[in-house]
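Working notes for the structure below.
The values are calculated or read from the model by the stated rules, or taken from the named source; none is laboratory data. For clarity, every value in this text was computed on a predicted model and none was experimentally measured. Virtual Cβ from ideal backbone geometry, glycine too; neighbours counted across all protein chains shown. Surface areas here come from the heavy atoms of the whole protein model, side chains and all, with no ligands, DNA or RNA. Shrake-Rupley method; radii C 1.70, N 1.55, O 1.52, S 1.80 Å.
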Amino acid sequence: MTSTAELPEFPMTRAAGCPFDPPPAARALQEEAPLARVRLWDGSTPWLVTRYAEQRALLADPRVSADVTRPGYPSPAPLPKGGTGISFILMDNPEHARLRKMVTAPFTIRRVAAMRPAVQKIVDDRIDQLLAGPNPVDLVEAFALPVPSLVICELLGVPYTDHDFFQENSKVMIRRDAKPEERAAGYQALTGYLDRLVGEKLDHPADDLLSGLAVRVGAGELTRFEAAQMGVLLLIAGHETTANMIALGTLALLEHPEQLALLREGDDPALVASAVEELLRYLNITHNGRRRVALEDIEIAGETIRAGEGLIMANDIANRDPDVFPAGDRLDLTRDAHRHVAFGFGVHQCLGQPLARLELQVVYSTLYRRIPTLALATEVGKVPFKHDGFVYGVYELPVTW
């Protein structure tokens with residue numbers, strides 16, 4: 001029997017020179033079996049679910065819990081003493097459903113579609129500033145981060161002038177190597193900030209998401225702390241993930257010029273939508289796996305997952321599963337990639353995916369057409385990648401034109 005020390009440690013390291021591909025060790029486990037034992041930082045040995053079909057089945061299984069407080073939950077890092085508050089995405093129904101429905105309306109496909117002109121203006125304005133500024137420039141700082149930050153600030157009702165504050169605290173919270181007390185301090189700073197904003201919305205409501213939450217606080221449907229927690233989640237998720245997709249997606253396209261040409265030279269909205277899905281599948285910025293714990297014994301793929309055992313759904317390798325995505329290591333913007341699990345699956349799948357898709361469609365259909373000579377201003381090997389984060393991407397992306 002394999003000892004704990006001999007098990008592969010998760011998360012695994014990406015290969016040098018292959019920044020877009022999942023770790024080779026994880027791919028090797030996928031080839032061997034749909035489930036494999038791995039070792040975490042605390043010595044626990046949860047199951048790594050390596051293949052697409054089993055991930056979808058388990059993410060939709062009510063016998064699997066997202067509750068981070070349950071024994072056996074495979075936490076990706078030490079939890080701060082006293083906790084940092086639990087987001088509704090780390091709760092189970094019915095509490096998860098109760099809180100989630102309070103922020104669902106602004107993210108419906110119809111409501112998000114109505115935001116396209118506003119998002120287009122934000123993108124065009126930032127490109128104008130990009131072209132008027134220094135050359136070369138860091139695309140992350142000048143474009144990839146401001147665009148989704150401006151969008152989520154507008155949606156939530158958060159002053160963009162405070163972006164340095166919430167971005168710095170967000171970075172600490174999603175850094176895998178941050179100390180528990182550092183993450184706790186970042187969380188407390190953001191929660192206090194959102195709590196003050198909710199208080200202001202109680203007295204002076206506006207047409208934004210935080211004002212909607214404040215109304216529910218006033219009606220006794222939510223506590224003010226719950227509203228602040230939800231604000232923190234939406235603020236972080238609303239700018240960090242999309243910013244990383246913009247920058248990392250741009251780098252991937254610059255490294256695949258034949259694919260970039262399809263976006264730069266075409267004007268078919270269907271191709272743009274297809275490109276977004278393929279880049280989401282190919283890049284997998286959520287590279288830490290979706291974590292769950294079994295509530296009951298579950299028989300799957302010839303294995304028995306016992307109640308109380310942890311599960312890690314490695315979406316980066318699921319989205320390269322050859323049974324679902326043939327030649328999955330190849331970036332192909334014409335591929336039908338809509339079945340990817342970049343946003344998860346089941347009741348906990350990403351609430352903000354319609355907004356993320358819209359922002360990426362606008363960016364990918366605009367940036368390269370308006371700056372057709374956009375090019376990397378350094379070597380790929382010198383680009384600093386976020387290997388130390390829960391969200392993958394690049395810290396900087398020097399570009400020129």
- [ ] Within region 126-144, track down each residue that is open to solvent by 80 Å² or more (accessible area, probe 1.4 Å) and either of a type in the set (D, E) or in a helix (DSSP H, G or I) (or both).
- [x] Q129, A132, E141
- [ ] Could you tell me which residue of region 145-178 is nearest to L197 (Cα to Cα), considering only residues that are β-branched (V, I, T) and open to solvent by 20 Å² or more (accessible area, probe 1.4 Å)?
- [x] T161
Open item on the list: For the list (1) open to solvent by 30 Å² or more (accessible area, probe 1.4 Å); (2) in contact (Cβ under 8 Å) with a residue 60 or more places away in the chain; (3) not small (G, A, S), I need the number of the one condition that E379 fails.
Closed with: (2)
Task: Scan of region 93-120 for residues that are in a loop (DSSP other than H, G, I, E, B), over 30 Å from L295 (Cα atoms) and open to solvent by 60 Å² or more (accessible area, probe 1.4 Å), ordered by number - done: A114
Task: P322, sole failed condition from (1) open to solvent by 10 Å² or more (accessible area, probe 1.4 Å); (2) touching a Phe, Trp or Tyr at 6+ places or on another chain (Cβ under 6 Å) - done: (2)
Task: Residues located in region 124-176, provided they are charged (D, E, K, R) and in contact with a strand residue (DSSP E or B) (Cβ under 9 Å, 6 or more places away or on another chain) - done: D138, K171, R175, R176
Open item on the list: Anything in region 234-259 that is open to solvent by 10 Å² or more (accessible area, probe 1.4 Å), part of a helix (DSSP H, G or I) and more than 18 Å from A342 (Cα to Cα)? List them, or say none.
Closed with: L254, E255, P257, E258, Q259
Open item on the list: Six or more apart or on different chains, Cβ atoms under 9 Å: show the pairs whose first residue is in region 94-120 and more than 17 Å from L209 (Cα to Cα) and whose second is open to solvent by 60 Å² or more (accessible area, probe 1.4 Å).
Closed with: H96/I89; H96/V347; A97/V347
- [ ] Would you check if G220 is open to solvent by less than 70 Å² (accessible area, probe 1.4 Å), under 21 Å from E154 (Cα atoms) and not hydrophobic (A, V, I, L, M, F, W, C)?
- [x] no
